[in-house]
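The values are calculated or read from the model by the stated rules, or taken from the named source; none is laboratory data. Please read these numbers as outputs of a predicted model, since none were measured by experiment. For neighbour counting, all protein chains shown are included, and Cβ atoms are generated from backbone atoms with ideal geometry for every residue, glycine included.
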Amino acid sequence: MISIYCWRIFVMCCGEQTWATSRMEMGAKEKNQQLYKPCNGIIAKKPPTSLQQDLKELRGSASCPRSEPQFEMADIFFFCRRGVESILDDEVTKRFSSQELDSWNLLTRSNYNVRHISLRLTVIWGLGVLVRYGVLLPLRVTLAVTGIGLLVVLTTLLGFLPNRELRFSLSEKIHLMCHRICVRALTAIITYHNRENKPKNGGICVSNHTTPIDVIILANDGCYSMVGQVHGGLMGMIQRAMVKSSPHIWFERSEVKDRHLVAKRLSDHVADKTKQPILIFPEGTCINNTSVMMFKKGSFEIACTVYPVAIKYDPRFGDAFWNSSKFGMVYYLLRMMSSWAVVCSVWYLPPMNREEGEDAVQFANRVKAAIAAQGGLVDLIWDGGLKRAKVKDAFKEEQQNLYSKVLLGEQDERDLGDDQH
Amino acid sequence: MGAFQSSPGQPEYVDLKEKTGFSISQIRVLHTRFKLLGHNGETLKRDHFNSIPDLACNPIRSQIIEAFFDRRNFRQNGEGPVDEIHFEEFLMVMSHFKAPSPRMIEERESVRREKLRFIFNMHDTDDDGTITLEEYRHVIDELLSLTEDLGKDTAKDIADAAMREVASTSMAHMEPDEFFEGITFEHFLKLLKGFEIELKMNVHFSIMDTPTFCK
């Protein structure tokens, strides 16, 4: 009942939004300003060529064969330009901030260049604020509180039931119900594709990670065992309640470092076919939903079926990315609840197994490529941990290696040339 | 949530446009990038540059980063390093990599000089106006790696050979026993005479002035 009401308001706002966008476009054309961000990055990069080709091209323009004294200097230009291009636009840094939108969705938070365009637009934006904060937010908060409260109370009660089978089937229903309430609380409009590939017992479900809400979105459609660290406070209470009725895997902080222990617990869980599939996010951190970063190989070392899932959020209705360095969980949830909605698509991909002669890293990359292809995301080899850590020196050494190989090749040619004189 | 956020108004951008030659839309995009790199602070420090993974792979990254903090590149006739830079200084350094507009030949010459001056400053780390053998060797060391393929001696040899060539070309008229102090800027210009740096040392900005709609 309430959700239908909300939906009506939502549709009305959508209509206003389309009008507002076209008004802004017209205004931009009048003033000849650029309102839309360019499709590509800041720089028009040439297609990637090998280091050797680039250097040959650079040296080729020197005037005469006596270019030996110039050869190092010319090469510096090349690295210099590459360096400046990296400063202007690199693949990794922009993944850790929210995606920029082509058109404004009436949320000030997604607009980086907020300027006053017209009175009418300001009024509409004001109306939008009223609706979002006055109507949608209180409704959603109430729903969320109800959902979480029910989850905690019911699962605790269920823990007291002696009969294991009854407990199991009831816990499934309770989890599903509470997650559905939470989904309504966020007004998440989810489209599930290929449900025949849904993860089954005794497997591991892997997915790309954008926000903690990913968990609720997936758990809305099936029951999973979650894996995570034990927290304190409200989260800890929810975790303890949940584990009473169904087998989730919570690790103490100290245990997380011990990879063998982690692997053993996961294997044990997977071996028991009555237990639900485990849900894991191999990226290890939240990425802004434009790309998929390196999958950590730990979850792919366990011998079982992997069910990949791709989740793609529609950025027009609200920015789902949790930038943990910018704001905490509570502020993030409030932001989510005061956006228009959370619209996303979930694709269940066909199950994959590790093949003969494939190691964990190759398997992880294969799964990652499949998820990226389905979700329309960029497949990157970079590690999501770069959000907080620095790049290893090994990469710099690799470039140096490449360059010295090129130089040595040139050096040999020059020696030969000298011998001939 | 009531007030609109303020962004630098048009007058500031116009001022920067005069000084650096970038268009307003390019300045706007660069400002967004500046804020992203600096985590929305007012200034950028060396650490911010160090956290770019792509740049970390570059063998001469420390020289490139130093170039951003070198007052000689700010076109204000200053000298010496600074610890942090504002957006204006960032733009100044970036403008060295702009492609020259297809205009008069005199402009191309001055653009060429500027770009070569930038590279010269990158080599000349002690600000004395000459590139000594030591400084040159240092740059080459950074470019090469210390693997089994190329021992430390080989790198030194390559640097020495290159430096000797440079000395012989530029000091052809000097007495044989005179001490070679280093490459001055004028020698540097002469050395790279045939080299079309104004075409090679450019970063192509893909931003256009007219609105482009992407679908």
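Would you confirm whether or not region B:57-77 contains a residue that is within 12 Å of another protein chain (Cβ to nearest Cβ) and over 17 Å from the mean Cα position of the chain (by Cα)? The answer is yes; a qualifying residue exists. Being surrounded by fewer than 21 Cβ atoms within 10 Å (Cβ to Cβ) and at pLDDT below 80 is a description that does not apply to B:N50.
Confirm whether B:T43 is of a type in the set (S, T, Y) and either more than 8 Å from every other protein chain (Cβ to nearest Cβ) or under 17 Å from the mean Cα position of the chain (by Cα) (or both).
So B:T43 fits the description; yes.
Within region A:332-375, the residues that satisfy the criterion of being of a type in the set (A, V, I, L, M) and part of a loop (DSSP other than H, G, I, E, B) are A:A341, A:L349. Of the numbered criteria (1) farther than 26 Å from A:I87 by Cβ; (2) modelled with pLDDT under 70; (3) facing chain A (nearest Cβ under 10 Å); (4) loosely packed, with under 12 Cβ neighbours inside 10 Å, the one B:C214 fails is (1). The set of residues in region A:287-306 being over 16 Å from A:A372 (Cβ atoms), modelled with pLDDT of 80 or more and touching a Leu at 6+ places or on another chain (Cβ under 8 Å) consists of A:I302 alone. Can we say B:E134 is within 10 Å of chain A (Cβ to nearest Cβ), over 16 Å from B:F185 (Cα atoms) and modelled with pLDDT of 70 or more? Judged against the criteria, B:E134 is not a match.
For region B:24-62, a residue qualifies if it is polar (S, T, N, Q) and free of Cβ contacts under 8 Å to residues at least 40 places away in the same chain, and the qualifying residues are B:T32, B:N40, B:N50, B:S51, B:N58.
From the residues in region B:95-113 that are away from chain A (no Cβ under 14 Å) and assigned to a helix (DSSP H, G or I), which one is modelled with the lowest pLDDT? Residue satisfying both the conditions and the ranking: B:I105.
Of everything in region A:239-264 that's modelled with pLDDT of 80 or more and charged (D, E, K, R), which residue is surrounded by the most Cβ atoms within 10 Å (Cβ to Cβ)? Step by step, filter region A:239-264, then rank; the result is A:R240.
Residue count for region A:239-255 under the criterion of being assigned to a helix (DSSP H, G or I), free of Cβ contacts under 8 Å to residues at least 24 places away in the same chain and within 22 Å of A:F160 (Cβ to Cβ): the result is 3.
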